[in-house]
Amino acid sequence: DNKPPPPPPDPLPTPTPSHVRENDHVLLRFGDHRRIFAQCTKNSRNQKTPLKINKRSYPTTNLIGLPYGTVLELGPKGLIPLPPGEDLVPEASVLPIVDESSCNNDNRDLIDSNTSQSLPQSQLEAMKGSGASGATIVAALVSHSATFNNKTTYSQAKYIKRKQKKHQPRCRLLRCTGATVCEALFMKDPRRVMNMREDTLAQMLSYGNVYAGCQVLLFEQCLGLLTGALAQRMGGYGKILSIHTTFQPAFTDVINRFNLTFAENNSLKWLPCWDAFPDNTHTNNDDDDDDDDDAEDEDEDDNDDDAPPDGPDEAGTDANIAKVQQQQQQTTRNTRKRRVIKNVKATGGRKSQKTRGGGAAGSATGVVKVKKSTNRRNTGGRGRGRRGRGKNN
(Lines give C-alpha, C1' and ligand atoms only; values in the text may rest on other atoms or scores of the structure.)
Protein backbone atom coordinates (compact mmCIF):
# COMPACT_ATOMS: atom_id res chain seq x y z
CA ASP A 1 0.00 0.00 0.00
CA ASN A 2 3.03 2.26 0.01
CA LYS A 3 2.38 4.62 -2.84
CA PRO A 4 5.33 6.47 -4.35
CA PRO A 5 5.41 10.17 -3.59
CA PRO A 6 4.09 12.41 -6.33
CA PRO A 7 6.73 13.97 -8.56
CA PRO A 8 7.69 17.53 -7.79
CA PRO A 9 5.96 20.15 -9.89
CA ASP A 10 7.74 21.31 -13.00
CA PRO A 11 9.03 24.85 -12.39
CA LEU A 12 9.40 25.72 -16.07
CA PRO A 13 5.81 25.93 -17.34
CA THR A 14 4.11 29.19 -16.52
CA PRO A 15 0.48 29.96 -17.36
CA THR A 16 -0.05 32.31 -20.25
CA PRO A 17 -1.21 35.61 -18.78
CA SER A 18 -4.63 36.80 -19.89
CA HIS A 19 -4.03 40.37 -18.70
CA VAL A 20 -1.33 42.89 -19.53
CA ARG A 21 1.50 43.01 -17.02
CA GLU A 22 3.97 45.75 -16.31
CA ASN A 23 6.79 46.08 -18.87
CA ASP A 24 4.96 43.79 -21.29
CA HIS A 25 4.98 44.50 -25.02
CA VAL A 26 1.59 44.59 -26.70
CA LEU A 27 0.34 45.08 -30.25
CA LEU A 28 -2.35 47.61 -31.15
CA ARG A 29 -4.37 46.79 -34.26
CA PHE A 30 -6.36 49.69 -35.73
CA GLY A 31 -9.37 49.68 -37.99
CA ASP A 32 -7.31 50.93 -40.95
CA HIS A 33 -5.06 47.82 -40.71
CA ARG A 34 -2.22 49.59 -38.93
CA ARG A 35 -0.14 47.73 -36.33
CA ILE A 36 1.77 49.58 -33.63
CA PHE A 37 3.91 48.04 -30.90
CA ALA A 38 3.77 49.49 -27.39
CA GLN A 39 5.38 48.74 -24.04
CA CYS A 40 3.20 49.09 -20.97
CA THR A 41 5.30 50.88 -18.38
CA LYS A 42 4.62 53.27 -15.57
CA ASN A 43 5.55 56.85 -16.31
CA SER A 44 8.60 58.30 -14.58
CA ARG A 45 10.54 61.49 -14.87
CA ASN A 46 13.51 60.06 -16.73
CA GLN A 47 11.52 57.73 -18.98
CA LYS A 48 10.11 58.73 -22.34
CA THR A 49 6.56 57.92 -23.37
CA PRO A 50 6.81 54.60 -25.23
CA LEU A 51 3.75 55.05 -27.51
CA LYS A 52 3.31 57.58 -30.31
CA ILE A 53 0.25 57.62 -32.59
CA ASN A 54 -0.45 60.21 -35.28
CA LYS A 55 2.43 62.43 -34.11
CA ARG A 56 1.06 62.47 -30.59
CA SER A 57 2.33 60.69 -27.48
CA TYR A 58 0.03 58.62 -25.28
CA PRO A 59 0.74 57.12 -21.86
CA THR A 60 0.46 53.36 -21.45
CA THR A 61 0.06 53.17 -17.68
CA ASN A 62 -3.68 52.59 -17.91
CA LEU A 63 -3.14 49.54 -20.15
CA ILE A 64 -1.62 47.54 -17.28
CA GLY A 65 -4.18 45.06 -16.00
CA LEU A 66 -6.47 45.17 -19.04
CA PRO A 67 -7.46 41.82 -20.60
CA TYR A 68 -6.19 41.04 -24.08
CA GLY A 69 -8.79 41.78 -26.76
CA THR A 70 -9.97 45.03 -25.18
CA VAL A 71 -11.00 47.74 -27.63
CA LEU A 72 -9.44 51.15 -26.98
CA GLU A 73 -10.46 54.52 -28.32
CA LEU A 74 -8.04 57.38 -28.82
CA GLY A 75 -9.21 60.25 -26.69
CA PRO A 76 -7.75 63.69 -26.04
CA LYS A 77 -6.12 62.52 -22.80
CA GLY A 78 -5.06 59.00 -23.75
CA LEU A 79 -6.34 55.56 -24.67
CA ILE A 80 -9.83 54.98 -23.27
CA PRO A 81 -10.83 51.33 -22.66
CA LEU A 82 -14.31 50.53 -23.95
CA PRO A 83 -16.73 48.02 -22.41
CA PRO A 84 -16.79 44.43 -23.75
CA GLY A 85 -18.68 43.91 -26.98
CA GLU A 86 -17.39 47.02 -28.76
CA ASP A 87 -15.89 46.73 -32.24
CA LEU A 88 -13.15 48.62 -34.04
CA VAL A 89 -15.77 50.38 -36.17
CA PRO A 90 -18.64 51.84 -34.13
CA GLU A 91 -22.16 50.98 -35.14
CA ALA A 92 -23.97 53.59 -37.16
CA SER A 93 -27.10 53.29 -35.00
CA VAL A 94 -25.52 55.34 -32.21
CA LEU A 95 -25.39 58.37 -34.50
CA PRO A 96 -28.33 60.63 -35.38
CA ILE A 97 -29.02 59.26 -38.86
CA VAL A 98 -32.01 60.48 -40.86
CA ASP A 99 -35.04 58.16 -41.12
CA GLU A 100 -34.60 55.63 -43.93
CA SER A 101 -38.28 55.44 -44.86
CA SER A 102 -37.71 57.52 -47.98
CA CYS A 103 -36.07 55.23 -50.53
CA ASN A 104 -36.16 57.64 -53.47
CA ASN A 105 -32.80 59.23 -52.66
CA ASP A 106 -29.95 58.87 -55.14
CA ASN A 107 -26.61 60.52 -55.88
CA ARG A 108 -27.40 62.02 -59.26
CA ASP A 109 -27.64 65.59 -57.97
CA LEU A 110 -24.62 65.45 -55.64
CA ILE A 111 -21.62 67.63 -56.47
CA ASP A 112 -18.25 66.75 -55.03
CA SER A 113 -17.22 70.08 -53.49
CA ASN A 114 -16.25 71.42 -50.09
CA THR A 115 -19.21 73.78 -49.86
CA SER A 116 -21.61 71.12 -48.51
CA GLN A 117 -20.01 71.13 -45.02
CA SER A 118 -21.07 74.16 -43.02
CA LEU A 119 -19.02 73.37 -39.89
CA PRO A 120 -15.93 75.61 -40.00
CA GLN A 121 -12.50 74.17 -39.35
CA SER A 122 -11.89 76.54 -36.43
CA GLN A 123 -14.96 75.23 -34.60
CA LEU A 124 -13.87 71.65 -35.29
CA GLU A 125 -10.42 72.32 -33.80
CA ALA A 126 -12.05 73.98 -30.80
CA MET A 127 -14.15 70.87 -30.19
CA LYS A 128 -11.03 68.70 -30.29
CA GLY A 129 -9.19 71.04 -27.93
CA SER A 130 -12.04 71.08 -25.43
CA GLY A 131 -11.89 67.28 -25.11
CA ALA A 132 -14.97 66.33 -27.11
CA SER A 133 -15.31 62.64 -27.89
CA GLY A 134 -15.03 61.24 -31.39
CA ALA A 135 -18.72 60.34 -31.52
CA THR A 136 -19.67 63.93 -30.75
CA ILE A 137 -17.44 65.24 -33.53
CA VAL A 138 -18.82 62.76 -36.08
CA ALA A 139 -22.39 63.65 -35.10
CA ALA A 140 -21.63 67.36 -35.57
CA LEU A 141 -20.18 66.71 -39.03
CA VAL A 142 -23.27 64.73 -40.03
CA SER A 143 -25.69 67.38 -38.77
CA HIS A 144 -23.84 70.19 -40.59
CA SER A 145 -23.68 68.32 -43.91
CA ALA A 146 -26.07 69.79 -46.49
CA THR A 147 -26.04 66.70 -48.76
CA PHE A 148 -26.22 63.93 -46.15
CA ASN A 149 -30.02 63.62 -46.24
CA ASN A 150 -30.05 63.32 -50.05
CA LYS A 151 -27.61 60.37 -50.09
CA THR A 152 -28.57 56.72 -50.33
CA THR A 153 -28.36 54.45 -47.30
CA TYR A 154 -25.15 52.88 -48.56
CA SER A 155 -23.59 56.31 -49.14
CA GLN A 156 -24.60 57.48 -45.68
CA ALA A 157 -22.99 54.44 -44.02
CA LYS A 158 -19.85 54.91 -46.11
CA TYR A 159 -19.66 58.59 -45.15
CA ILE A 160 -20.07 57.83 -41.46
CA LYS A 161 -17.44 55.08 -41.56
CA ARG A 162 -14.92 57.38 -43.23
CA LYS A 163 -15.46 60.10 -40.62
CA GLN A 164 -15.22 57.58 -37.79
CA LYS A 165 -11.82 56.34 -38.98
CA LYS A 166 -10.54 59.91 -39.01
CA HIS A 167 -12.10 61.43 -35.88
CA GLN A 168 -12.96 58.34 -33.81
CA PRO A 169 -10.02 55.92 -34.20
CA ARG A 170 -10.11 52.68 -32.25
CA CYS A 171 -7.64 49.85 -31.71
CA ARG A 172 -7.66 46.38 -30.22
CA LEU A 173 -5.17 45.16 -27.62
CA LEU A 174 -3.42 41.97 -28.85
CA ARG A 175 -0.85 39.61 -27.35
CA CYS A 176 2.55 39.45 -29.06
CA THR A 177 2.89 35.96 -30.53
CA GLY A 178 4.74 34.58 -33.51
CA ALA A 179 1.74 35.07 -35.79
CA THR A 180 0.85 38.62 -34.70
CA VAL A 181 4.46 39.87 -34.69
CA CYS A 182 5.11 38.33 -38.10
CA GLU A 183 1.96 39.91 -39.54
CA ALA A 184 2.85 43.33 -38.14
CA LEU A 185 6.43 43.24 -39.45
CA PHE A 186 5.28 41.94 -42.83
CA MET A 187 2.76 44.76 -43.25
CA LYS A 188 5.32 47.38 -42.23
CA ASP A 189 8.27 46.27 -44.39
CA PRO A 190 8.15 42.81 -46.01
CA ARG A 191 11.75 42.95 -47.22
CA ARG A 192 13.18 43.10 -43.71
CA VAL A 193 11.56 39.75 -42.84
CA MET A 194 12.44 38.13 -46.20
CA ASN A 195 8.77 38.37 -47.34
CA MET A 196 7.75 35.80 -44.74
CA ARG A 197 4.07 35.71 -43.80
CA GLU A 198 2.58 34.11 -40.72
CA ASP A 199 1.51 30.98 -42.64
CA THR A 200 5.07 30.54 -43.92
CA LEU A 201 6.38 30.84 -40.36
CA ALA A 202 3.94 28.16 -39.20
CA GLN A 203 5.07 25.80 -41.98
CA MET A 204 8.73 26.30 -41.09
CA LEU A 205 8.07 25.45 -37.44
CA SER A 206 6.03 22.40 -38.42
CA TYR A 207 8.35 21.02 -41.10
CA GLY A 208 11.39 21.66 -38.89
CA ASN A 209 9.92 19.29 -36.27
CA VAL A 210 10.43 21.82 -33.48
CA TYR A 211 9.16 20.51 -30.14
CA ALA A 212 9.85 21.02 -26.45
CA GLY A 213 13.19 19.45 -25.48
CA CYS A 214 14.92 19.49 -28.88
CA GLN A 215 18.12 21.28 -29.84
CA VAL A 216 17.94 23.69 -32.75
CA LEU A 217 20.78 25.29 -34.71
CA LEU A 218 19.44 28.46 -36.30
CA PHE A 219 20.81 31.08 -38.67
CA GLU A 220 18.37 33.77 -39.82
CA GLN A 221 18.20 37.30 -41.19
CA CYS A 222 14.57 38.07 -40.29
CA LEU A 223 15.14 40.51 -37.39
CA GLY A 224 14.98 37.67 -34.84
CA LEU A 225 11.40 36.75 -35.72
CA LEU A 226 12.18 33.06 -36.16
CA THR A 227 14.31 32.95 -33.00
CA GLY A 228 11.55 34.41 -30.84
CA ALA A 229 8.92 32.11 -32.36
CA LEU A 230 11.11 29.06 -31.64
CA ALA A 231 11.71 30.08 -28.03
CA GLN A 232 8.01 30.70 -27.49
CA ARG A 233 7.06 27.37 -29.08
CA MET A 234 9.56 25.29 -27.08
CA GLY A 235 8.53 26.87 -23.77
CA GLY A 236 11.97 26.80 -22.16
CA TYR A 237 12.69 23.10 -22.80
CA GLY A 238 15.70 22.29 -24.95
CA LYS A 239 18.30 24.62 -26.41
CA ILE A 240 18.37 27.09 -29.30
CA LEU A 241 21.75 27.97 -30.82
CA SER A 242 21.23 31.16 -32.80
CA ILE A 243 24.19 32.11 -35.01
CA HIS A 244 24.93 35.77 -35.63
CA THR A 245 27.54 37.42 -37.88
CA THR A 246 28.21 40.48 -35.69
CA PHE A 247 30.09 40.90 -32.43
CA GLN A 248 26.79 41.20 -30.55
CA PRO A 249 23.30 39.91 -31.40
CA ALA A 250 21.35 42.52 -33.34
CA PHE A 251 17.87 41.02 -32.89
CA THR A 252 17.25 41.68 -29.21
CA ASP A 253 14.71 44.45 -29.88
CA VAL A 254 12.28 42.18 -31.74
CA ILE A 255 12.88 39.23 -29.40
CA ASN A 256 11.95 41.35 -26.37
CA ARG A 257 8.52 41.90 -27.91
CA PHE A 258 7.66 38.22 -27.44
CA ASN A 259 7.58 38.67 -23.62
CA LEU A 260 9.63 35.51 -23.09
CA THR A 261 9.81 33.98 -19.63
CA PHE A 262 13.04 33.37 -17.72
CA ALA A 263 13.20 29.74 -18.85
CA GLU A 264 12.59 30.66 -22.48
CA ASN A 265 15.31 33.31 -22.38
CA ASN A 266 17.69 30.88 -20.70
CA SER A 267 17.18 28.28 -23.46
CA LEU A 268 18.37 30.80 -26.06
CA LYS A 269 22.13 30.71 -26.67
CA TRP A 270 23.92 33.14 -28.99
CA LEU A 271 26.77 31.71 -31.05
CA PRO A 272 29.14 33.81 -33.21
CA CYS A 273 29.65 32.51 -36.71
CA TRP A 274 33.44 32.27 -36.28
CA ASP A 275 32.92 29.83 -33.41
CA ALA A 276 30.34 27.76 -35.26
CA PHE A 277 32.32 27.64 -38.53
CA PRO A 278 36.02 28.14 -37.68
CA ASP A 279 38.47 28.94 -40.45
CA ASN A 280 40.81 25.96 -40.90
CA THR A 281 43.38 27.89 -42.90
CA HIS A 282 44.89 29.44 -39.76
CA THR A 283 45.26 26.02 -38.17
CA ASN A 284 46.93 24.57 -41.26
CA ASN A 285 49.33 27.49 -41.49
CA ASP A 286 50.25 27.08 -37.84
CA ASP A 287 50.93 23.39 -38.41
CA ASP A 288 53.10 24.17 -41.44
CA ASP A 289 55.05 26.73 -39.43
CA ASP A 290 55.62 24.17 -36.70
CA ASP A 291 56.87 21.66 -39.28
CA ASP A 292 59.23 24.25 -40.77
CA ASP A 293 60.61 25.07 -37.33
CA ASP A 294 61.21 21.40 -36.65
CA ALA A 295 62.99 21.00 -39.98
CA GLU A 296 65.21 24.01 -39.29
CA ASP A 297 66.10 22.61 -35.89
CA GLU A 298 67.09 19.31 -37.48
CA ASP A 299 69.27 21.11 -40.09
CA GLU A 300 71.01 23.06 -37.34
CA ASP A 301 71.69 19.85 -35.48
CA ASP A 302 73.18 18.31 -38.64
CA ASN A 303 75.39 21.35 -39.21
CA ASP A 304 76.59 21.17 -35.65
CA ASP A 305 77.51 17.54 -36.17
CA ASP A 306 79.47 18.31 -39.37
CA ALA A 307 81.33 21.25 -37.80
CA PRO A 308 84.97 20.66 -36.81
CA PRO A 309 85.80 20.34 -33.17
CA ASP A 310 86.49 23.50 -31.20
CA GLY A 311 90.12 24.55 -31.07
CA PRO A 312 92.34 27.63 -30.81
CA ASP A 313 92.26 29.71 -34.01
CA GLU A 314 93.82 33.05 -33.09
CA ALA A 315 94.72 34.09 -36.68
CA GLY A 316 91.15 33.67 -37.90
CA THR A 317 89.80 35.59 -34.91
CA ASP A 318 92.06 38.63 -35.51
CA ALA A 319 91.15 38.74 -39.19
CA ASN A 320 87.43 38.73 -38.41
CA ILE A 321 87.82 41.56 -35.89
CA ALA A 322 89.70 43.74 -38.39
CA LYS A 323 87.06 43.07 -41.07
CA VAL A 324 84.24 44.11 -38.76
CA GLN A 325 86.02 47.33 -37.80
CA GLN A 326 86.48 48.25 -41.48
CA GLN A 327 82.78 47.71 -42.15
CA GLN A 328 81.81 49.91 -39.22
CA GLN A 329 84.06 52.73 -40.41
CA GLN A 330 82.69 52.55 -43.94
CA THR A 331 79.14 52.64 -42.62
CA THR A 332 79.93 55.73 -40.54
CA ARG A 333 81.38 57.56 -43.55
CA ASN A 334 78.39 56.72 -45.74
CA THR A 335 76.00 57.94 -43.04
CA ARG A 336 77.78 61.29 -42.81
CA LYS A 337 77.69 61.74 -46.59
CA ARG A 338 73.97 61.05 -46.71
CA ARG A 339 73.32 63.60 -43.97
CA VAL A 340 75.30 66.33 -45.78
CA ILE A 341 73.58 65.64 -49.10
CA LYS A 342 70.18 65.76 -47.37
CA ASN A 343 70.99 69.17 -45.86
CA VAL A 344 72.11 70.47 -49.27
CA LYS A 345 68.85 69.42 -50.89
CA ALA A 346 66.88 71.04 -48.07
CA THR A 347 68.72 74.41 -48.52
CA GLY A 348 68.22 74.47 -52.29
CA GLY A 349 71.84 73.88 -53.36
CA ARG A 350 73.41 76.62 -51.22
CA LYS A 351 76.77 76.01 -49.65
CA SER A 352 76.51 74.48 -46.21
CA GLN A 353 78.08 75.90 -43.12
CA LYS A 354 81.72 75.24 -42.40
CA THR A 355 82.32 72.07 -40.52
CA ARG A 356 85.12 71.31 -38.23
CA GLY A 357 87.65 68.67 -39.12
CA GLY A 358 88.50 67.22 -42.48
CA GLY A 359 88.05 63.97 -44.28
CA ALA A 360 84.40 63.40 -44.57
CA ALA A 361 83.59 67.10 -44.07
CA GLY A 362 85.98 68.14 -46.83
CA SER A 363 84.61 65.61 -49.22
CA ALA A 364 81.13 66.80 -48.38
CA THR A 365 82.10 70.43 -49.13
CA GLY A 366 83.50 69.36 -52.46
CA VAL A 367 80.28 67.64 -53.30
CA VAL A 368 78.42 70.84 -52.53
CA LYS A 369 80.60 72.88 -54.88
CA VAL A 370 80.19 70.39 -57.69
CA LYS A 371 76.41 70.39 -57.28
CA LYS A 372 76.34 74.18 -57.24
CA SER A 373 78.38 74.50 -60.42
CA THR A 374 76.31 71.82 -62.07
CA ASN A 375 73.16 73.74 -61.24
CA ARG A 376 74.67 76.88 -62.77
CA ARG A 377 75.52 75.09 -66.01
CA ASN A 378 72.07 73.58 -66.21
CA THR A 379 70.45 76.96 -65.52
CA GLY A 380 72.57 78.71 -68.12
CA GLY A 381 71.84 76.08 -70.70
CA ARG A 382 68.13 76.34 -70.15
CA GLY A 383 68.38 80.14 -70.38
CA ARG A 384 70.29 80.07 -73.68
CA GLY A 385 67.81 77.58 -74.99
CA ARG A 386 64.94 79.88 -74.21
CA ARG A 387 66.73 82.87 -75.83
CA GLY A 388 67.54 80.77 -78.84
CA ARG A 389 63.96 79.68 -79.27
CA GLY A 390 62.93 83.31 -78.92
CA LYS A 391 65.26 84.39 -81.76
CA ASN A 392 64.11 81.64 -84.04
CA ASN A 393 60.53 82.70 -83.43
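The values are calculated or read from the model by the stated rules, or taken from the named source; none is laboratory data. Treat the numbers as computed from the prediction; the structure is a model and nothing was measured. Please note that ligands, DNA and RNA were not included when accessible areas were found on the heavy atoms of the full protein model with its side chains. Shrake-Rupley method; radii C 1.70, N 1.55, O 1.52, S 1.80 Å.
Maximal additional length on extending the Arg197-Ser133 stretch stands at 19.4 nm, based on 0.36 nm per residue less the C-alpha distance.
3J(HN,Hα) along segment 23-39: 6, 7, 9, 10, 10, 9, 9, 9, x, 8, 6, 8, 10, 10, 8, 8, 10 Hz, from the Karplus curve 6.51 cos²θ - 1.76 cosθ + 1.60 with θ = phi - 60°, whole Hz, x for Gly and Pro. Close amide H contacts of Asp24 (hydrogens built in the peptide plane, cut-off under 5 Å, sequence separation of 5 or more or a different chain): Cys40.
Find how much the distance from Gln221 to Met187 grows on full extension, using 0.36 nm per residue of separation minus their present alpha carbon separation; answer in nm with one decimal.
Working: separation 34, 0.36 × 34 = 12.24 nm, distance 1.73 nm.
Gain on extension, Gln221 to Met187, equals 10.5 nm.
How much length, in nm to one decimal, is gained on full extension between Ser116 and His33, taken as 0.36 nm per residue of separation minus their Cα-Cα distance?
On the way: separation 83, 0.36 × 83 = 29.88 nm, distance 2.96 nm.
This chain segment gains 26.9 nm when fully extended.
Surface composition of segment 227-274: carbon plus sulfur atoms hold 55% of the accessible area, using a 1.4 angstrom probe and ignoring ligands, DNA and RNA.
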